[in-house]
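Here the structure comes first, spelled out in structure tokens, and everything after it is commentary.
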Amino acid sequence: FYYAFASWNKKVKLSENQYTLHQKSSYIAFQVMLIHAIVFETAAIHWWLHEKYFLLSMILLLLNIYSVILFVADIQAVRLNPLKITEDRMYISLGLMKRMEIKWTDIESIIDEQEQLKQKVTEKTIEFIYRDLEEVYPNVILKLKHPVQATLIMGIKKEYEQVAIRVDEPERFK
């Protein structure tokens, strides 16, 4: 609710150690399109269901309102939380959907060869990539010494052995 309602006046000023992941993708436009689809498409369904199944139409209306709030909050979280590098770790998030904290001492190797980056990732790899309509690949894959915990949507925690990252400025990031 903070990101949906209380963060609109915040401006993003990137420092030297911060990197965006969304600006060279159509992620925010896609989220806005989903919000419009929910509002316009479900208005007709709600109107039709309201006469036949009042309780069901109210439940669906509440779920739709929550979905719109979630998408608006996710857009703000994407804008306001760039990848951040500090002296001893990296903080990375994909809006409200996933986030992770990686210590430099946890990284075993960095993969940046194009052939390896274009291969299909395993289920033990978490992707911090905003998908477009076309195929996109990570700029780097961090291979970790041991599984590191990530927080997914709804607070679900899962451990991953590799981290695939796509940033807007790959050369500066490397």
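Some observations on this one:
- Comparing 87, 161, 113 in a Gaussian network model of the chain, where Cα atoms under 10 Å apart are tied by springs, the biggest mean-square fluctuation is seen for 87.
- Ordering 62-75, 38-51 by mean Cβ neighbour count within 10 Å, with the highest value first, yields 62-75, 38-51.
- The orientation-averaged shadow of the Cα convex hull for the chain, equal to a quarter of the hull surface, comes to 12.0 nm².
- Computed extension length for residue 50-residue 159: 34.8 nm, one decimal, from 0.36 nm per residue of separation with the Cα-Cα distance subtracted.
- Between helix 54-80 and the chain: long-axis angle, C-alpha atoms, 0 to 90°, nearest 10: 30 degrees
- Across 11/158; 24/143; 145/174; 10/103; 124/145; 120/158, pairs whose alpha-carbon gap is larger than 22 Å: 11/158; 24/143; 10/103
- Antiparallel content of DSSP bridges confined to the stretch 19-174, in %, to 5: 85 percent
- With both labels modelled 7 Å from their Cα along Cα-to-Cβ, the residue 41 to residue 80 distance reads 2.8 nm.
The numbers here are math on the coordinates, done by the rules we state, and not lab data. Computed from a predicted structure; not experimentally measured. Cβ atoms come from the backbone with ideal geometry, glycine included; neighbour counts cover every protein chain shown.
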